[in-house]
1. Taking θ = phi - 60°, what integer Hz values does the Karplus form 6.51 cos²θ - 1.76 cosθ + 1.60 yield along the range 220-227, in sequence order, with x for Gly and Pro?
2. Within 10 Å, count the other beta carbons around each residue, average over each peptide in 287-297, 509-519, and list them highest first.
3. Over every pair of different alpha-carbon atoms in the range 68-176, take the mean of 1/r and invert it; report that Kirkwood radius in Å.
4. In square angstrom, rounded to the nearest 10, how much accessible surface does Glu284 have for a 1.4 Å probe?
5. Heavy atoms of the protein only, probe of 1.4 Å, neighbouring chains included. What is the accessible area of Trp214 in Å², nearest 10?
6. Indicate the gyration tensor shape class of the chain (rounded, prolate or oblate), computed on the Cα atoms with a ≥ b ≥ c the square roots of the eigenvalues: a/c under 1.5 is rounded; otherwise a/b larger than b/c is prolate and the rest oblate.
7. Estimate the FRET efficiency between Lys238 and His304 by the formula 1/(1 + (r/R0)^6), using the beta-carbon distance for r and 45 Å for R0, to the nearest 0.05.
8. For the chain, find the longest principal axis of its Cα atoms and tell me its angle to the long axis of helix 190-203, 0 to 90°, nearest 10.
Amino acid sequence: MYFRGFIVDFSYFCNIKSTFMKKLLFLCATLFCLSVANAKISMPKLFQSGMVLQRGKAIPVWGKAAAGETVTIRFNKKEYQIVADSNGKWQVNLPKMKAGGPYKMCVNDLVIDDIMIGDVWLLSGQSNIDVTIERVYPQYTDEIDNFENSQIRMFRVQNEISTHGVKDDIRATSINWKPVNKQNAWLFSAAGYFLGKRMYEKNKVAQGVIVNSWGGTPIEAWISEDSLKADYPMLIKKLRLYQSDDYVRAQMQANGAVNRQWEQLLKESDADYAASDVDDAAWEQINQNNWTWRGTGTVWLRQHIQIDKAHAGKPARLLLGTLFDRDETYLNGKLIGQTGYQYPPRRYDIPEGVLREGDNVIAVRFINKYGLVHFIPEKPYMLCFGDDRFSQNPMPKDVLPLSSQWKMHEGVRMPQCPGGDVSLQNLPTTLYNAVLYPLAPYAISGIVWYQGESNTGNPDPYSDYLRKLMGSWRACWQEPELPFVIVQLANYDGRQQTAFPRPILPEVAPGNSGWAELREAQRIVAAADARAELAVINDLGETVDIHPLRKREVAERIALCIERLLYNKKVKLSPEVVSAEVHEGKIVLTLDQPVQSGKLFTFEVAGADGKYVNATATADGNRISILSPLSSHLSPLSIRYAWKDNPLQANVRSLSGLPMSSFELRINNN
């Protein structure tokens, strides 16, 4: 590509005193902008009305035209020209600009208006970035109901894959640079929403939040092929298997056909136990806290609830916790809600007039294709009344708890449903190709990477993967120092799918933890990179929910990392260990800052045999003292902290309340 162009400075015209002449010049400039060329040009989907451009950096503007076509860009009182190369590609780098707007950009006959200049953030990863405002709304009802800001703009990248190399552009999406309000943000990333809000409060300039994520995807899908092929040739071979479009198309058609046939057989075979007059007296009684059903097909559960005269006919909200896996839920024979997979909270609204005085029946039809059907413990199960029924923080004042006792009856047993989605989004490089590469070089201030749950089964290569991801993305933007905030995995008990509520013991025996190993990889990579910070959130998770709802607090931790990276190096983040040594029979950790004093939990010590045992620890100032629990003939060689999937007892916190990351390190015995 070659660049040939010129810049016209309109500052001369600012000295013209005649108001008429100024208006005439402005009219002529606008008409010229609309008619400068007849040829159609195209620009990436990111370039749309309402967009936010990055302040303080050169601003790349690019697109396609006919080969040799002259492209004229008019923006902020200046004009730029470029000639499209032999492939029809063109790019102009606008100079650095201060925050402001709204502006209009004319690119030949294309007009883009309502443009702001401020800060732009790219949020990427898997489903915890995907979690929407709708999902977390009950945690923050007043804040979401009463907040809107046209200076904060949202853009959602549409999911797409490519097994055949990089794409030029992303697909269109339903959220294209929309300003923040409740309606626009309802299906937008909660983490992105709250981050934009927090950064606007901090800097008082326009905020552009680009969300580019896909639930359940591994990190390999987001890394370039060039970064993987030398060290991980097997991953590239795996990709090659799916580069036959005919095979993929046939497989998807076959999977779709068998799934439709399975659903039809289920519909024809299953009985209907939703009606309130179904005789369930002889059904088996079960307790939801210790019940599972292993089978493929359907199982029905029913519960009778008594409604008094004061609540009869009133609208209500049914909170049915979280269920595994798929459900249809009825009240008095009327379908009030259904959910197609395990993760979303069941919040079903009951219209006015459905609840009646006296006996009412809730019927839940579980539809299962794999695993154990069960209720997720520690979630709310109740009927909520009143104007505050949509809130769960605090809980509504007028609630009727459901009983844990249900009547259960099998619907129909079905054969295992074969096949499933081809899941090309989980293959190496496919998302880098389709939804990451096309975004560059759109000017951004920094990147938030919130992913890792899908790699906890094999955490060993994650640190290398993460370094390669950061390197390939920086190369894509041609910015070696592009800032990254790495959001560490939250606490979570991954066994919840097959177990019942477990007592929380003061000290849990040491053991292996894929979640802790992956957190350690995230910590190590962030610590070694001068342009990266780690947002520690091991206190913001939920034991039984891989998608914790406290996304505002997550965004606040991310914002602190951004503040330290870009604006104020003196900002204190989570405590970090500076040194570890054995001193007067104790292991002494020196931290980079004081922490809350007192007794500490989840420290483990190992000797030469590598076997970890729990250790007693206390904090005083910026030091943690740990009593070695090892036999006198064994010297402590390594130490771990919070080395668990769900380290609920971990309690090392900064004076401002930020938790310390889990870690594993060697001890200096000199």
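The values are calculated or read from the model by the stated rules, or taken from the named source; none is laboratory data. Because the structure is predicted, anything quoted here is derived from the model rather than measured. Because the Cβ atoms are built from the backbone with ideal geometry, glycine has one as well, and the counts that use them run over all protein chains shown. Protein only, heavy atoms only, side chains kept; ligands, DNA and RNA dropped before computing areas. Shrake-Rupley method; radii C 1.70, N 1.55, O 1.52, S 1.80 Å.
1. 4, 5, 9, 10, 5, 4, 4, 6
2. On the way: 287-297: 16.0, 509-519: 19.3.
Descending packing order for the listed peptides: 509-519, 287-297.
3. Details: mean 1/r = 0.0560 Å⁻¹.
Hydrodynamic radius (Kirkwood, Cα only) of the range 68-176 equals 17.9 Å.
4. Surface open to solvent at Glu284 totals about 110 Å².
5. Rounded to the nearest 10, the figure is 50 Å².
6. Values: a/c = 1.74, a/b = 1.26, b/c = 1.38.
In terms of gyration-tensor shape, oblate.
7. Numbers: r = 52 Å, r/R0 = 1.17.
Once the sixth-power term is evaluated, E becomes 0.30.
8. Long axis of 190-203 versus the principal axis of the chain: about 50 degrees.
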